[in-house]
Amino acid sequence: MRDAVGKICARFGDDYWLKRDSDGAFPHDFHAALAADGWLGVCIPEAYGGSGLGVSEAAVMMHAIAASGAGFSGASAVHMNIFGLNPVVVYGTEEQKRRMLPPVVAGKEKACFAVTEPNAGLETAKLQTRAERRGDRYVINGAKIWISTAQVADRMLILTRTTPAEQVKKPTDGLSLFFTALDRRRVEVREIEKMGRKAVDSNQVFIDNLEVPVEDRIGEEGDGFKTIIDGFNPERILVAVEAIGLGRAALRRAAAYAKERVVFGHPIGQNQAIQHPLAQCWMELEAAELVAMKAAWQYDNGMACGPAANAAKYLGAEAGFKACQTAVMTHGGYGYAKEFHVERYFRESMIARIAPVTPHLILCFIAEKVLGLPKSY
Ligand SMILES: Cc1cc2nc3c(=O)[nH]c(=O)nc-3n(C[C@H](O)[C@H](O)[C@H](O)COP(=O)(O)OP(=O)(O)OC[C@H]3O[C@@H](n4cnc5c(N)ncnc54)[C@H](O)[C@@H]3O)c2cc1C
């Protein structure tokens with residue numbers, strides 16, 4: 001799988017991604033190339049056009065994409081296809097699966113994932129976007145933020161509140177999930193200027209009386225949180241391996257540069273002050289990948305994978321970031337120049353630290369759920 005995906009990625013070299021990073025154009029041709037060879041359906045059952053493989057295989061694929069040098073510009077362009085429709089696979093009706101999955105697998109439709117809100121942040125249960133039932137439809141009103149690929153998406157997986165927070169027992173009750181058309185007459189999508197990954201847009205999304213047929217609700221009304229959480233652990237695992245892949249791309253460039261660049265009469269890579277940080281990054285990337293693959297194996301075997309998935313996302317993001325930062329430093333002044341690519345990797349490496357969950361909240365999760373310490377928030 002690594003070789004096959006690598007071959008496709010090799011058609012989209014460093015200059016391609018450098019150009020996308022400056023013109024901000026979505027890498028439609030890269031998305032189409034992966035779709036053409038069936039890669040977008042890696043986790044989707046064969047009955048709906050996919051390959052019916054697991055998160056372990058998806059992790060190999062996403063790692064290969066990022067490690068090719070495509071980084072998050074490449075990985076995020078297809079990321080939603082890979083894990084995002086898991087709630088439809090697990091909770092969708094037969095009719096929904098037949099209708100919703102094949103177009104995404106074939107690359108005919110793109111989807112975005114709309115959870116984060118300006119006034120809720122990491123406290124998902126506080127989200128305010130409302131879906132009100134009116135006969136055979138729901139009417140959605142509200143606002144989302146940071147929604148990636150909403151500029152190019154045809155559909156969105158959107159989490160909304162259907163029962164007001166005051167009327168539910170637990171704050172996570174009363175939420176409902178929909179997979180529905182992104183009707184631009186009712187949904188305004190405003191791109192956010194951001195630090196990196198310019199080719200894959202992230203947006204403010206304003207929803208004004210969007211009508212959604214009942215048939216587009218995934219799972220039972222009020223069970224949206226439970227429904228969407230199925231995708232959370234795979235997403236953490238995939239973001240982890242994407243960050244690790246990006247770190248490996250940075251490390252590869254840094255080691256090559258350190259062998260070539262001669263200062264004080266010898267290659268800079270002969271200095272331990274250059275070698276050791278690179279060696280340390282290699283070990284940390286290896287270790288993080290093992291945790292990520294353990295989490296993927298647990299998920300694929302129906303085992304609880306929360307601790308390993310969260311640890312993988314934390315360790316992978318930090319190791320990826322450190323490798324990118326070390327690669328910039330190894331290049332000295334040239335590390336700051338766009339044509340050496342590592343500054344792009346460095347900017348992209350921040351994404352995995354922040355999204356979909358921050359290191360702080362992962363530490364809270366491990367402290368509380370693994371070590372049994374009191375909840376701190
Ligand atoms: C490039 C990018 C792409 C994204 N794509 C998507 C997408 O496609 N779909 C989507 O739904 N979302 C997306 N997101 C949103 C992302 O998941 C959120 O930014 C992330 O979950 C953090 O939420 P927030 O920004 O509101 O931070 P906040 O919740 O406002 O938190 C701010 C800071 O406070 C810290 N903090 C908060 N509470 C605590 C606490 N109790 N203890 C310790 N620290 C705390 C956080 O860790 C964080 O550092 C994207 C974000 C980025 C940057």
Calculated FRET efficiency, Asp183 and Met303, Cβ-Cβ r, R0 25 Å, to nearest 0.05?
0.05
How large is the dipole of the chain about the Cα centre if only Lys and Arg carry +1 and Asp and Glu carry -1, each at its Cβ, rounded to the nearest 20 debye?
520
Measure off 7 Å from each Cα along the Cα-to-Cβ vector at Val263 and Asn119, then give the distance between these two points in nanometres to one decimal.
5.2
Any idea how far apart Val139 and His276 come out in nm if each label point goes 7 Å out from Cα toward Cβ?
6.7
Considering only Thr129, Leu238, Pro359, whose Cα is most displaced toward the positive end of the charge dipole of the chain, charges sitting on Cβ of Lys, Arg (+1) and Asp, Glu (-1)?
Pro359
Using only Cα positions of segment 1-116, each an equal point scatterer, no hydration layer, compute I(q)/I(0) via Debye at q = 0.14, 0.17 Å⁻¹ and quote the log10 values to two decimals.
-0.55, -0.79
For segment 1-53 and segment 313-330, what is the separation of their Cα centres, given in Å?
24
Among 97-110, 19-32, how do they line up from the highest to the lowest mean number of other beta-carbon atoms within 10 Å?
97-110, 19-32
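In debye to the nearest 20, how big a dipole does segment 220-374 give about its Cα centre with +1 on each Lys and Arg Cβ and -1 on each Asp and Glu Cβ?
Details: 15 positive and 16 negative charges, 147 e Å.
Value, rounded to 20: 700 debye.
Per the 1.4 Å probe, what fraction of the accessible area of segment 48-189, in percent, lies on carbon and sulfur atoms?
Working: 2620 of 5410 Å².
After summing per-atom areas, the C and S share lands at 49 percent.
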All lysines inside 16 Å of Lys322 as judged from Cα atoms, apart from same-chain residues fewer than 8 positions distant
Lys313
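Count the lysine pairs in segment 97-205 that are 8 or more places apart or on different chains: how many have C-alpha atoms under 19 angstrom apart? Please report the intermediate quantities before stating the final value.
Details: Lys97/Lys108; Lys97/Lys110; Lys110/Lys144; Lys110/Lys198; Lys126/Lys144; Lys126/Lys169; Lys126/Lys170; Lys144/Lys194.
Value for segment 97-205: 8.
Among 245-256, 349-360, how do they line up from the highest to the lowest mean number of other beta-carbon atoms within 10 Å? Don't skip to the end; give the middle numbers.
Numbers: 245-256: 25.0, 349-360: 19.2.
Those peptides, ordered most packed to least, come out 245-256, 349-360.
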Could you name the aspartates and glutamates in cross-link range of Lys338, using Cα to Cα under 19 Å and dropping any fewer than eight places away on the same chain?
Asp14, Asp15, Asp21, Asp23, Glu193, Glu260, Glu348
Largest first and in whole Å, what are the equivalent-ellipsoid semi-axes of segment 176-279 based on the Cα gyration tensor, each being the root of 5 times an eigenvalue?
48, 19, 8
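Set the Förster distance to 30 Å, then compute FRET efficiency between Asp15 and Ala287 from the Cβ-Cβ distance, nearest 0.05. Each step should come with its number before you reach the end.
Values: r = 32 Å, r/R0 = 1.08.
Calculated transfer efficiency: 0.40.
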Calculate for the chain the 222 nm mean residue ellipticity that helices alone would give, adding -39,500 (n - 2.57) per DSSP H run of length 4 or more and normalising by residue count, nearest 500 deg cm²/dmol.
-15500 deg cm²/dmol
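Assuming R0 = 45 Å, what is the FRET efficiency of Thr172 and His28, from their Cβ-Cβ distance, to the nearest 0.05?
Numbers: r = 37 Å, r/R0 = 0.81.
Calculated transfer efficiency: 0.80.
Find the percent of Cα-Cα distances in segment 11-51 that exceed 13 Å, and round it to a whole number. Write out the running numbers ahead of the final one.
On the way: 494 of 820 pairs.
For segment 11-51, the fraction of Cα-Cα distances above 13 Å is 60 percent.
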Could you do me a favour and compute the accessible area per residue for the chain, 1.4 Å probe, result in Å²?
44
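Which shape class applies to segment 53-156: rounded if a/c is under 1.5, otherwise prolate when a/b exceeds b/c and oblate if not, where a ≥ b ≥ c are the square roots of the Cα gyration tensor eigenvalues?
Details: a/c = 2.10, a/b = 1.37, b/c = 1.53.
Oblate is the answer for segment 53-156, as a/c is 1.5 or above yet b/c matches or exceeds a/b.
The values are calculated or read from the model by the stated rules, or taken from the named source; none is laboratory data. Just so you know, these numbers come straight off a predicted model, no measurement behind them. For neighbour counting, all protein chains shown are included, and Cβ atoms are generated from backbone atoms with ideal geometry for every residue, glycine included. Quick note on the areas: whole protein, heavy atoms, side chains included, nothing else; ligands and nucleic acids left out. Shrake-Rupley method; radii C 1.70, N 1.55, O 1.52, S 1.80 Å.
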